[in-house]
Amino acid sequence: MRPEFASPSSSSSSSADRRLNALVRHLATASMVSQTAVAFSPTSGFHGDSVFSHVVRAPEDPILGVTVAYNKDPSPVKLNLGVGAYRTEEGKPLVLNVVRKAEQMLLNDKSRVKEYLPIVGIAEFNKLSAKLIFGADSPAIRENRVTTVQCLSGTGSLRVGAEFLARHYHQKTIYIPQPTWGNHPKVFTLAGLSVKTYRYYDPTTRGMNFQGLLEDLGSAPSGSIVLLHACAHNPTGVDPTLQQWEQIRQLMRSKALLPFFDSAYQGFASGNLDEDAQSIRMFVADGGECFVAQSYAKNMGLYGERVGALSVVCRAANVASKVESQLKLVIRPMFSNPPIHGASIVVTILKDSNMFNEWTIELKAMADRIISMRKQLFDALRARGTPGDWSHIIKQIGMFTFTGLNSKQVEFMTREYHIYMTSDGRISMAGLSSKTVPHLADAIHAAVTRMS
Amino acid sequence: MAIRRAMSGRIMDRTAVVGARYMSSWWRSVQPAPKDPILGVTEAFLADQSPDKVNVGVGAYRDDNGKPVVLECVREAERRIAGNLNMEYLPMGGSVKMVEETLKLAYGENSELIKEKRIAAVQALSGTGACRLFADFQKRFCPDSQIYIPVPTWANHHNIWRDAQVPQKTYHYYHPESKGLDFAAMIDDIKNAPNGSFFLLHACAHNPTGVDPSEEQWREISHHIKAKGHFAFFDMAYQGFASGDPEKDAKAIRIFLEDGHHIGIAQSYAKNMGLYSQRVGCLSVLCEDEKQAVAVKSQLQQLARPMYSNPPVHGALIVSTILSDPDLKKQWLKEVKVMADRIIGMRTALRGNLEKLGSPLSWQHITNQIGMFCYSGLTPEQVDRLTNEFHIYMTRNGRISMAGVTTGNVEYLANAIHEVTK
């Protein structure tokens with residue numbers, strides 16, 4: 001490959017000087033170099049620039065960009081509703097008490113070492129995670145038909161699963177809902193899958209476009225992979241009902257579509273761990289196969305520790321074992337073995353029934369606070385007589401609300417009211433508090449009545 | 001409960017269940033993957049009941065009692081960060097503080113390049129993650145390039161660039177006859193590679209051979225790589241761990257920087273801070289100027305985002321706590337030297353024992369080589385005898401992890417090696 005070189009005039013004189021100096025220094029030690037003359041190729045890099053000079057700056061991440069802008073704003077009433085992380089009533093990040101406790105226990109255990117984990121991570125973590133999502137009495141677990149590997153939170157689990165599929169599955173297309181988390185298409189594309197979409201959200205009702213979903217999945221080629229948000233769809237907060245899930249399941253099984261669940265909010269959506277896993281368990285109960293990406297970022301507040309798990313439910317135990325061996329081949333050249341800290345915290349909590357209970361209580365408290373914010377915002381808009389139907393605020397579930405506001409209205413709210421949110425109208429309910437709901441309601445009211 | 005109700009037939013359509021039941025697995029044709037050669041050694045060791053068993057396969061440091069070590073500076077750092085304010089997401093590029101301190105280690109405490117902000121750097125998942133991120137970056141932005149990898153090398157290097165879909169070639173490195181560097185052949189390969197090829201170099205303590213170029217040899221390597229416009233990518237997994245002095249272990253990198261190369265570096269804290277399972281490392285790419293560094297960093301982040309979004313915080317906090325506290329940093333440097341010195345001591349002892357036994361072979365290479373590993377020159381058959389007759393476990397390429405050698409087992413080990421080689 002011939003490196004590209006910028007013209008000399010584009011180099012700063014100081015870097016040219018540096019190169020000259022390096023040359024001078026090198027010539028001074030030429031006696032140490034072998035006697036055969038070295039012919040400098042005219043295209044050599046010696047006088048040239050970096051081989052990466054052509055690299056252009058990537059666009060800012062749309063979600064992170066929101067926080068960047070928020071941080072710059074000096075207004076005392078500014079509100080960050082872009083962040084997809086839980087905040088307390090005081091607007092502070094939260095480390096769960098049970099997590100602090102677990103961390104302290106780990107710290108006090110002097111026998112703990114920092115040796116490499118196995119490629120698939122902590123065995124106990126994997127077992128407990130599978131139990132958590134599939135249910136302790138899951139037939140798939142009992143029959144050893146599940147392989148679970150520790151990965152880097154939801155993102156990492158999705159990526160490892162997708163890489164496996166790109167290598168071993170006969171269908172290289174994955175269908176993702178429209179809309180979906182912004183990172184989904186990138187994860188799958190880089191893993192080597194091709195990405196198509198299926199209709200999901202209906203902007204007119206701010207609910208599900210169920211007919212569209214059935215049509216699109218119905219016309220997908222047999223065997224296609226389908227990404228499903230297990231609960232608390234991100235960004236819309238719109239979930240299928242149990243009835244709708246059943247229809248989806250039947251349709252998918254009849255067309256041999258492979259389900260790939262993204263479970264980032266188990267327990268965080270309804271406040272109940274089992275309830276939030278129903279969609280997945282329905283699919284497992286019919287004996288079929290599926291992939292599940294699990295994250296502990298939100299429901300245990302372990303965001304930065306990057307804790308997650310990928311489970312593959314297979315039809316037979318020996319198949320699960322072969323699949324696991326191949327997953328290891330995906331993981332080894334990616335990060336070798338997963339980070340120990342967050343997963344150890346999870347194990348400490350899940351295996352102790354008292355700590356587990358404590359966790360479910362703290363989890364429910366987070367979910368309840370979010371649900372309460374929904375109610376408060378809905379009531380506040382009603383009280384202001386804000387035009388439009390705002391019931392979707394209380395119908396949608398999970399961290400996010402798809403307000404239905406357009407980008408002009410969003411821009412207005414940022415400019416006039418210092419409200420920060422993504423331009424698609426998504427707000428993180430986690431960023432609201434009883435104190436700030438009125439301000440947001442005022443902003444929405446103004447946006448809707450003054451801008452369309 | 002709700003599930004059972006739902007399953008009771010009123011909502012479930014049995015024909016759909018039947019459809020699922022009679023479908024065979026999609027993964028029928030998935031072959032069982034070959035076992036990892038290195039892990040297999042540890043498994044076999046653990047299963048062995050012999051009281052004399054010795055594990056010199058392990059690529060992780062052990063103290064003189066054969067026990068894994070958590071550094072005191074690490075324990076102290078963990079004490080300080082426990083009950084930390086939050087566990088929020090790090091930025092995609094990781095902990096800025098950790099990266100800053102890490103660059104100083106590689107590029108120099110007062111490096112102009114750091115001051116001029118010419119280095120694009122992100123926190124990575126230890127050395128593996130740093131190499132993989134770079135390989136993906138190389139594929140994306142130099143799609144026609146190939147990587148030259150030394151023979152031998154850490155086996156996972158091949159996997160990493162293969163999964164990044166970068167074509168790989170090899171270059172001569174290890175000279176089996178002398179158990180040293182095949183310098184002439186290495187230089188030839190550098191000269192014969194197409195201009196602008198990418199070369200993977202082990203900055204110090206080559207894995208698995210322990211054979212490093214001398215300073216003079218590094219200068220010549222730098223010269224020829226530059227003449228061909230090649231890109232030098234350094235994997236530095238053992239800084240401080242090789243000689244005991246991080247500055248000394250960074251010499252090769254500093255030579256290349258002086259010579260004006262725009263290098264890339266993968267750094268790991270797995271060994272030198274004993275943070276193996278925390279997965280802490282750093283990928284850096286030296287650019288022409290600050291603007292380019294910003295662009296390159298943003299692109300590295302674009303590759304990290306669809307892989308793991310942002311890197312784990314705990315290990316990074318340990319590193320930045322230690323390196324930004326002068327006392328803790330001093331303590332760390334002391335502890336690194338202790339580890340390196342113990343290894344060097346075991347090299348001397350092993351060689352000494354073999355010579356005392358009157359071995360007909362030369363064992364000079366044991367003390368010439370550096371770092372965690374010794375490429376003993378033992379054949380696979382000799383290795384098998386060591387395992388079967390003496391319960392000594394190592395990889396079949398004859399690589400001995402000196403970290404597994406202790407004052408308690410060095411004589412036994414020497415005896416056994418003598419037995420199978422005399």
So residue B:320, is it more than 9 Å from chain A (Cβ to nearest Cβ), closer than 30 Å to residue A:301 by Cβ and among the small types (Gly, Ala, Ser): yes
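Per-residue answers, yes or no, for (1) within 14 Å of another protein chain (Cβ to nearest Cβ); (2) in contact with a strand residue (DSSP E or B) (Cβ under 8 Å, 6 or more places away or on another chain); (3) surrounded by 23 or more Cβ atoms within 10 Å (Cβ to Cβ); (4) of a type in the set (A, V, I, L, M):
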{"residue": "B:311", "(1), (2), (3), (4)": "yes, yes, yes, no"}
{"residue": "B:325", "(1), (2), (3), (4)": "no, no, no, no"}
{"residue": "B:340", "(1), (2), (3), (4)": "no, no, yes, yes"}
{"residue": "B:352", "(1), (2), (3), (4)": "no, no, no, no"}
{"residue": "B:359", "(1), (2), (3), (4)": "no, no, no, no"}
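Which residue is modelled with the lowest pLDDT, if the candidates are limited to the stretch A:79-90 and must be in a loop (DSSP other than H, G, I, E, B) and closer than 22 Å to residue A:402 by Cβ? First the steps, then the outcome.
Restricting attention to the stretch A:79-90, the residues satisfying the condition of being in a loop (DSSP other than H, G, I, E, B) are A:81-90.
Now drop any that are not closer than 22 Å to residue A:402 by Cβ, which leaves A:81-87.
Values: A:81: 95, A:82: 91, A:83: 76, A:84: 84, A:85: 90, A:86: 93, A:87: 92.
Out of the qualifying residues, it is A:83.
Within the stretch A:248-270, track down each residue that is of a type in the set (S, T, N, Q), crowded, with 24+ Cβ neighbours inside 10 Å and not in a loop (DSSP other than H, G, I, E, B). Step through it out loud before you land on a result.
Start the filter on the stretch A:248-270 by keeping residues that are of a type in the set (S, T, N, Q), which leaves A:250, A:254, A:263, A:266, A:270.
So of that shortlist, the ones also crowded, with 24+ Cβ neighbours inside 10 Å come out as A:263, A:266.
A:263, the sole residue that qualifies.
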The stretch B:43-71, residues that are under 22 Å from residue B:398 (Cα atoms) and surrounded by 17 or more Cβ atoms within 10 Å (Cβ to Cβ): B:45, B:53, B:54, B:55, B:56, B:57, B:58, B:59, B:60, B:61, B:62
Single match in A:180, A:155 (criterion: hydroxyl-bearing (Ser, Thr, Tyr) and at the interface with chain B (Cβ under 9 Å from one of its Cβ atoms)): A:155
Matching residues, the stretch B:211-241, being at pLDDT 95 or above and away from every other protein chain (no Cβ under 14 Å): B:211, B:212, B:234, B:236, B:238, B:239, B:240
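Taking the conditions exactly as written (in contact with a strand residue (DSSP E or B) (Cβ under 8 Å, 6 or more places away or on another chain), surrounded by 15 or more Cβ atoms within 10 Å (Cβ to Cβ) and not acidic (Asp, Glu)), does residue A:120 satisfy them or not? Working first, answer last.
Numbers: in contact with a strand residue (DSSP E or B) (Cβ under 8 Å, 6 or more places away or on another chain): yes; surrounded by 15 or more Cβ atoms within 10 Å (Cβ to Cβ): yes; not acidic (Asp, Glu): yes.
Considered against the rule, which asks whether it is in contact with a strand residue (DSSP E or B) (Cβ under 8 Å, 6 or more places away or on another chain), surrounded by 15 or more Cβ atoms within 10 Å (Cβ to Cβ) and not acidic (Asp, Glu), residue A:120 comes out as yes.
Every residue, every condition in (1) of a type in the set (Val, Ile, Thr); (2) part of a loop (DSSP other than H, G, I, E, B); (3) buried (at least 22 other Cβ atoms within 10 Å of the Cβ), yes or no:
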site: A:128; (1), (2), (3): no, no, no
site: A:132; (1), (2), (3): no, no, yes
site: A:136; (1), (2), (3): no, yes, no
site: A:154; (1), (2), (3): no, no, yes
site: A:180; (1), (2), (3): yes, yes, no
site: A:185; (1), (2), (3): no, no, no
site: A:214; (1), (2), (3): no, no, no
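Sort out which residues of the stretch A:68-89 are more than 23 Å from the chain's Cα centre (by Cα) and buried (at least 18 other Cβ atoms within 10 Å of the Cβ), and write them in order of number.
Selection gives A:78 alone.
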Breaking point among (1) β-branched (Val, Ile, Thr); (2) under 21 Å from the mean Cα position of the chain (by Cα); (3) part of a helix (DSSP H, G or I), for residue A:319: (2)
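Any residue in the stretch A:278-288 that is under 24 Å from residue A:391 (Cβ atoms), in a helix (DSSP H, G or I), within 13 Å of chain B (Cβ to nearest Cβ) and without any contact (Cβ under 8 Å) to a residue 60 or more places away in the chain?
Residues of the stretch A:278-288 that are under 24 Å from residue A:391 (Cβ atoms), as a first pass: A:278-279.
After this cut, where a residue has to be in a helix (DSSP H, G or I) as well, the list is A:278-279.
Subsequent filtering for residues that are within 13 Å of chain B (Cβ to nearest Cβ) retains A:278-279.
From the residues that got through so far, the ones that are without any contact (Cβ under 8 Å) to a residue 60 or more places away in the chain too are A:278-279.
Yes, the stretch A:278-288 contains at least one residue that is under 24 Å from residue A:391 (Cβ atoms), in a helix (DSSP H, G or I), within 13 Å of chain B (Cβ to nearest Cβ) and without any contact (Cβ under 8 Å) to a residue 60 or more places away in the chain.
Tell me, please, whether a residue that is small (Gly, Ala, Ser), modelled with pLDDT of 80 or more, not in a helix (DSSP H, G or I) and not assigned by the TED database to the domain that holds residue B:127 can be found in the stretch B:6-28.
So the first thing to find is which residues in the stretch B:6-28 are small (Gly, Ala, Ser), and the list is B:6, B:8-9, B:16, B:19-20, B:24-25.
With modelled with pLDDT of 80 or more added as a condition, the list becomes none.
Scanning the stretch B:6-28, I find no residue that is small (Gly, Ala, Ser), modelled with pLDDT of 80 or more, not in a helix (DSSP H, G or I) and not assigned by the TED database to the domain that holds residue B:127, so the answer is no.
Out of B:137, B:141, report the one residue that is surrounded by fewer than 20 Cβ atoms within 10 Å (Cβ to Cβ) and among the aromatic types (Phe, Trp, Tyr). If you could, list the steps in order and put the result at the bottom.
Numbers: B:137 fails: surrounded by fewer than 20 Cβ atoms within 10 Å (Cβ to Cβ).
Step by step, each of B:137, B:141 is checked, and only B:141 is surrounded by fewer than 20 Cβ atoms within 10 Å (Cβ to Cβ) and among the aromatic types (Phe, Trp, Tyr).
The values are calculated or read from the model by the stated rules, or taken from the named source; none is laboratory data. Keep in mind it's a predicted model, so treat the numbers as computed, not measured. As a convention, Cβ positions derive from the backbone with ideal geometry for all residues, glycine included, and neighbour counts pool all protein chains shown.
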